Amino acid sequence: GMTANERASASLEAELSGAADNRDIVDTNSSQQLSAEDIEGMREEGASGKDIIQSLIEHSETWKHKTSFSQQKWLRRKEQKYAPRLRVLRCEG
């Protein structure tokens, strides 16, 4: 088995790598200037899910740096969260 020292350093490493992951999560949230309260307020004023998502995009500092693939992925997640009944209609040109 592992010595107490090896166990301690293994759990420290796990903690450190966990900390890095958490830091990334916090960073992605700080790039969003809209707070949950802002969103709640919009909902109370009758904003549609689409309006809220549009607002989230406008207030996101990282949106323009995302690849279109991750923008699509992000949009799908937000649509499920804010506009579950919303079907985005794509214009057929």
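The values are calculated or read from the model by the stated rules, or taken from the named source; none is laboratory data. Just so we're clear, the structure is a prediction, and the values are computed from it rather than from any experiment. Here the Cβ is made from the backbone with ideal geometry for all residues, glycine too, and neighbour counts use every protein chain on show. Heavy atoms of the whole protein, side chains included, go into the accessibility calculation; ligands, DNA and RNA do not. Shrake-Rupley method; radii C 1.70, N 1.55, O 1.52, S 1.80 Å.
So that you can scan it fast, the table gives a plain yes or no per residue for (1) open to solvent by 70 Å² or more (accessible area, probe 1.4 Å); (2) at pLDDT 90 or above; (3) within 26 Å of residue 81 (Cβ to Cβ):
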residue: 6; (1), (2), (3): yes, no, no
residue: 11; (1), (2), (3): no, no, no
residue: 52; (1), (2), (3): no, yes, yes
residue: 62; (1), (2), (3): no, no, yes
residue: 68; (1), (2), (3): yes, yes, yes
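Working only within the range 33-42, note down all residues that are without any contact (Cβ under 8 Å) to a residue 12 or more places away in the chain and open to solvent by 80 Å² or more (accessible area, probe 1.4 Å).
37, 40 - these are the residues of the range 33-42 that are without any contact (Cβ under 8 Å) to a residue 12 or more places away in the chain and open to solvent by 80 Å² or more (accessible area, probe 1.4 Å).
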